[in-house]
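Here is the structure we will look at.
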Amino acid sequence: MAEKKVIYSADFEKALNVGRPPNVVKLFPNSKALIVSGKFVDLAMMEKGKAIAMAANGRSSFVVRGALRAAQKANACIIIEIARSEGGASPYCAVNYWNIARLVDALCNEMGITIPVAIHADHYGIKKESDVEPAKVEIPTLFEAGMTSIAVDASHLPDDQNLLANLELNPCIPDWAGLETEVGEIKGKEGLSTPQEALFLIQGLNAHGIFPDWIALNNGTTHGIEASDKGIRVGLTVQIHEALAKYKLSGAQHGTSGNNSDRLREIADKTRTTKANVATALQMISWGLEVNDYGNARLDGSGSFVKVEGEGITEEMWAEMVEYANSKGLKGGNYKKLNLPFENKFLGQDIKIRQRMVARVEDFIYNMLVNVLNAKDTAPVAIEKIIQGGTFNPGPKAEQIESPEEWTKEKIMERATSISRDKGGDGDFDD
């Protein structure tokens, strides 16, 4: 039986003194929240081996609270994130890019959370070339607001433009921050990523001294509510991760809500994945909807969600939400757009109702961390790495092995013409 790892108060204080990045120290000078670079979370998962950190999507304060409690109970590192579509300039959630770090910091201090937490700006989407210039202004504001990790997602663009957008935006990202990049829009069985296009992106970044911590793939899963049982293509994921092995990259698994526990255990066991995004499941669970093993909300014969009596929000609140959704023509996955208009209504419920919303999220996440993702006891591992390094910046995992002369803008555009890929149909797959 493996020895249980513990966090000693002296070690926590040491990590607190050196492990928080400068933006976090500036924002929260008197805080006891160990908000760290996403790099340390990745390193802790790698050190344990076959372990994946949950990136809990904080669409509401209830989800964030439940996620932090679950991670504390599991003695696990955790990532709290929000995507641009959810919490950017045109949000559908009350939690956003600019207040999520403040929420996490406040809750950590309130609840005495002592595990390392990274704050991730998920899916910073670049949909067209003209998005790049405004992003140069906006991305720095995210780090000024306390982000410690970011996913630059230009995967909607052709391969050369994806790479060029990543190159152009990288100076806006602190070198200590966790960095995720993406190839292949995340949208199920259509337009699956290939080793060729993943290599193109990572080799081009490497040539310019950019070493992402994670790469997200379209490996057969979707965001939102998974309608089929196909889900993640484990074999494809293994193939791409092996092709990228010498670049020392970890995988970021999106669309985790749509896959059962056995498949997620297989991802942990067979691939280089160290980050798994969970979003829709946590929203539905907090509301008190009936879900299956992996958080996918069940629909009844008429295609409506099933509310579990006495769990999550009140039945009266749920009826109000359904009425509102019907008036706006919202169905299925678009119930996500109820987050913003109802967050304050949720906060105005009786404390017992609020507590059971949080507890439901906590129980679900704890089970995933311990019994599915193998993340239990990774918090002391990350703290040990912070103390050993004596810094908030562990540096890159990889080193430059590609020649920048072979990856000029002109050669990037020329190389891209030889890449064969099927982007599949159009769609909105940002979350």
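Values in this text are rule-based calculations from the coordinates and carry no lab data. Please read all numbers here as calculations on a predicted model, not as lab measurements. Heads up, the Cβs are rebuilt from the backbone with ideal geometry, glycines too, and the neighbour counts pull from every protein chain shown.
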Subject >> Helical mean residue ellipticity (222 nm; -39500 (n - 2.57) per DSSP H run of 4+; nearest 500) of the chain >> reply: -12500 deg cm²/dmol
Original post:
Applying the Karplus parametrisation 6.51 cos²θ - 1.76 cosθ + 1.60 with θ = phi - 60° to the phi angles of segment 323-331, what ³J(HN,Hα) value in whole Hz is obtained for each residue in order, glycine and proline being reported as x?
Top reply: 4, 5, 4, 4, 5, 9, x, 8, 9
Original post:
Which aspartates and glutamates have a Cα lying under 17 Å from the Cα of residue 336, excluding residues fewer than 8 positions away in the same chain?
Top reply: 81, 86, 122, 226, 290, 320, 323, 428, 430, 431
Subject >> Residues with amide H under 5 Å from that of residue 313, placed H, sequence gap 5 or more >> reply: 288
Original post:
Any idea how far apart residue 350 and residue 417 come out in nm if each label point goes 7 Å out from Cα toward Cβ?
Top reply: 7.0
**OP:** May I ask what percent, to the nearest 5, of DSSP beta bridges between residues of the chain are antiparallel?
**Re:** 10
**OP:** For segment 391-402, just list the computed ³J(HN,Hα) in residue order, Karplus coefficients 6.51, -1.76 and 1.60, θ = phi - 60°, integers in Hz, with x standing in for Gly and Pro.
**Re:** 7, 7, 10, x, x, x, 7, 9, 9, 6, 10, 9
**OP:** Output the pairs from 50/337; 246/409; 32/246; 331/376; 73/328; 270/397 with a Cα-Cα distance over 28 Å in this structure; if there are none, say none.
**Re:** 50/337; 32/246; 331/376; 73/328
